Amino acid sequence: MKKLRDVKNGELYYNGYNLTELAKRYGTPLKITFLDVITEHITSLKKEFNDAINKTGYQGKFYYLNANKANYSKEEIETSFIAGDGLETSSYYDLLLTLKMFDKHPSFKNKLIVSNGLKLNDYLDEIIKAHLDGFNIIDIIDDLNEYEYLKNKNLPIKVGFRVHLSSLYESEVPDDRFGLREDEINYILEDIKNTNLVLTTIHYHQRGFDYEEDKFKENLLKAFNYYLKSKKLYDTVNNFDIGGGMPLPISEDFDYSSFINATLNYLKDLCIKNNVEMPNLIGENGKFSQKDSTVNIYKVVGVKNTGLYPWHIINGSLLIALPEMFALGEPILVTPINNLNKDMVKVRLAGITCDCDDVLFDREKGYFEMPDSNDNYLGLIGTGSYQNSMNGKGGVHHCLLPEERDIVISNDKITVRNELQSIDDIYRLIHFE
Ligand SMILES: Cc1ncc(COP(=O)(O)O)c(C=O)c1O
C-alpha cells in the first residue's frame with residue numbers, strides 16, 4: 001500500500017501534495033479529496049489478493065465492491081466503481097443511486113451489485129426490477145420476511161444470507177442486530193429447494209479498525225461453517241462475502257500481504273478438509289475505499305487561556321468534522337501540518353462553535369502537541385468515510401458554521417467542487433430567503 005504521508009522542511013505532504021501550500025492557495029477551512037488515493041487503494045488491494053491467490057493456489061476469485069454508505073459523493077463512488085468490481089447498497093435510495101451509476105457506465109453492466117440492509121417492499125421491488133433488467137444483483141437476506149417476499153415472486157433471483165454473529169469487539173454494539181440466527185438459516189436451507197430462488201452467497205460483516213487476529217478468525221470460521229454446510233446442499237453457492245471491516249490502521253504499517261495470504265490459506269485448508277470447492281471472495285469495503293482519500297485543514301485563529309493549557313481555536317469545528325470520532329470513538333489522525341520542525345508546546349484544541357464539547361486533546365495526557373508558532377494549520381487526515389453520511393453534506397450545522405471549501409484532486413487536476421458555504425446557502429436551507 002502506498003505511503004501517503006511525508007514531512008519535508010517541516011511541512012506535511014499527503015499523496016505528494018504540500019498541504020500547507022494547498023491551504024494557503026485555497027483558503028481554510030478546506031476539505032481536499034484525492035480521488036487517486038481511492039483508485040490506488042482499490043487497485044493495490046485487488047493486486048494483493050490476486051498475488052495471494054496465485055501464490056497459495058486458492059481456487060476462487062476476489063471481487064472488490066465499494067460500500068457506498070461510507071461516502072455518497074458522486075465522484076468518490078464513481079472512482080471506486082471504475083476501479084472495483086461492483087457496488088454494495090444498504091438502502092432503497094442507495095440502490096437507486098447505484099442503478100443511476102450503472103446507467104452512466106453501461107459497459108459495466110456485468111459488475112456486481114450486492115444489496116444489504118433491512119428491506120421494505122420498495123427496496124425489494126427495486127431489487128426484483130434490477131434482476132429482471134438483467135443486472136448482476138445478489139440480495140443478501142437479513143430476515144425471514146424478506147425471504148418469504150422474494151420466494152413468492154417465483155423468480156430465479158440470486159440470494160445470499162447474512163450470518164448473525166455475536167459481538168466480539170469492544171467497540172461493537174452488544175448483540176448485533178443484523179443477520180439470521182442458526183434456526184432461521186436452517187429453515188432457509190431446508191425450504192429454498194422448493195423455490196425458484198438461487199442461493200449463491202454466504203455473508204457476514206464485522207467492524208474494521210480494531211482488527212484482532214483471534215477475533216477475526218473466530219468470526220470468519222463461524223460464518224465459513226455456513227458456507228461449508230450450504231455448499232454441500234447447493235452447488236449454486238459459490239461466494240463467501242466477508243463484508244467490510246478490512247483492516248485500515250492509521251499507522252500505515254499493516255502487512256496486507258501476510259494477512260491476505262494467511263486468510264486464503266486458512267479458507268483453502270478448510271475447503272480441502274471438507275472436500276468442497278473454494279468460494280469466490282467478495283469484500284464490501286467502505287472505509288478502506290474512502291477513508292484515506294480526504295483531508296480537512298483548518299487554521300488556528302485564536303488562543304485562549306482558561307487553565308492548565310492554552311486553547312488553540314480553529315476556524316471550523318472538530319465536532320462537525322469528526323462525527324465518527326465523537327460518536328463512535330473511531331480514530332482519525334489529527335495533526336499539525338506546518339511548523340513541524342519547531343519545538344512542540346502543550347495545548348488543547350477547540351472548534352469555533354459555542355459547544356464546550358467541541359474540543360480535542362489526548363484524554364490520558366491531558367493535552368495535544370502543537371508547534372510553538374502563531375501561524376499553525378491543523379489537518380484531519382482520513383475524513384473520507386462516514387463523516388458525510390453521518391453529518392450530511394450541504395446542511396445547516398452547529399452555530400451555522402459554513403461547510404469547508406471542497407476541492408477534488410484527480411490526475412493532478414484540482415477542481416473546486418463546492419465553494420465555502422455562504423450564509424445565502426444556509427438561508428435557503430432554512431427557508432429564510
Ligand atoms: C453489510 C456491510 N458491508 C460493508 C460495510 C462497510 O464496512 P467498512 O466501512 O468497515 O468497510 C458495512 C458497514 O457498516 C456493512 O454494514
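The values are calculated or read from the model by the stated rules, or taken from the named source; none is laboratory data. All values derive from a computational prediction rather than experimental measurement. Cβ: placed from backbone, ideal geometry, glycine included. Neighbour counts: every protein chain shown.
Would you confirm whether any residue within the range 157-166 is modelled with pLDDT of 90 or more and either away from the ligand (no atom under 16 Å from the Cβ) or out of contact with any strand residue (DSSP E or B) (no Cβ under 7 Å at 6 or more places or on another chain) (or both)? Give the derivation first.
Step one: of the range 157-166, the residues modelled with pLDDT of 90 or more are 157-164.
Those left that are additionally either away from the ligand (no atom under 16 Å from the Cβ) or out of contact with any strand residue (DSSP E or B) (no Cβ under 7 Å at 6 or more places or on another chain) (or both): 157-158.
Yes, because at least one residue in the range 157-166 is modelled with pLDDT of 90 or more and either away from the ligand (no atom under 16 Å from the Cβ) or out of contact with any strand residue (DSSP E or B) (no Cβ under 7 Å at 6 or more places or on another chain) (or both).
Taking K291, is it within 14 Å of the ligand (Cβ to nearest atom), farther than 23 Å from V198 by Cβ and in a helix (DSSP H, G or I)?
Yes: the conditions hold for K291.
Have a look at L264, L270, L281 and point out the one that is assigned by TED's automatic domain parsing to the domain that holds T236, at pLDDT 95 or above, touching a helix residue (DSSP H, G or I) at 6+ places or on another chain (Cβ under 8 Å) and within 16 Å of the ligand (Cβ to nearest atom). Steps first, please.
Working: L264 fails: within 16 Å of the ligand (Cβ to nearest atom); L270 fails: within 16 Å of the ligand (Cβ to nearest atom).
The conditions single out L281.
Mind checking which residues of the range 234-261 are within 16 Å of the ligand (Cβ to nearest atom) and hydroxyl-bearing (S, T, Y)?
Of all residues in the range 234-261, those within 16 Å of the ligand (Cβ to nearest atom) come to 239-250, 254, 256, 259-260.
Matches in the range 234-261: Y256 only.
Look at the range 307-330 and say how many of its residues are assigned to a loop (DSSP other than H, G, I, E, B) and either without any contact (Cβ under 8 Å) to a residue 40 or more places away in the chain or farther than 22 Å from L420 by Cα (or both). Don't jump to the end; show me each part of the working.
Going through the range 307-330, the residues assigned to a loop (DSSP other than H, G, I, E, B) turn out to be 307-310, 315-317, 322, 329-330.
Of the ones still in play, those that are also either without any contact (Cβ under 8 Å) to a residue 40 or more places away in the chain or farther than 22 Å from L420 by Cα (or both) are 307-310, 329-330.
So the answer is 6.
Looking for something in the same structural domain as N15 (by TED's automatic domain parsing) and surrounded by fewer than 19 Cβ atoms within 10 Å (Cβ to Cβ) - is there at least one such residue anywhere in the range 84-92? Lay out the reasoning, then the answer.
Of all residues in the range 84-92, those in the same structural domain as N15 (by TED's automatic domain parsing) come to none.
Within the range 84-92, not a single residue is in the same structural domain as N15 (by TED's automatic domain parsing) and surrounded by fewer than 19 Cβ atoms within 10 Å (Cβ to Cβ).
Checking I127 against (1) in a helix (DSSP H, G or I); (2) out of contact with any strand residue (DSSP E or B) (no Cβ under 6 Å at 6 or more places or on another chain); (3) within 16 Å of the ligand (Cβ to nearest atom), only one condition comes out false. Which one?
With (1) in a helix (DSSP H, G or I); (2) out of contact with any strand residue (DSSP E or B) (no Cβ under 6 Å at 6 or more places or on another chain); (3) within 16 Å of the ligand (Cβ to nearest atom) applied to I127, the lone miss is (2).
I'd like to verify a number: residues in the range 106-122 that are more than 14 Å from the ligand (Cβ to nearest atom) and either within 23 Å of the chain's Cα centre (by Cα) or not in a helix (DSSP H, G or I) (or both), how many?
5
Out of all the residues in the range 175-198, which are among the basic types (K, R) and either in a loop (DSSP other than H, G, I, E, B) or surrounded by 13 or more Cβ atoms within 10 Å (Cβ to Cβ) (or both)? Before you say what the answer is, go through the steps one by one.
Within the range 175-198, the subset among the basic types (K, R) is 177, 181, 193.
R177, R181, listed by residue number.
So if I check each of I260, I272, which one is β-branched (V, I, T), over 21 Å from I38 (Cβ atoms) and out of contact with any His (no Cβ under 9 Å at 6 or more places or on another chain)? Write out each step before concluding.
Values: I260 fails: over 21 Å from I38 (Cβ atoms).
Every option except I272 fails the conditions.
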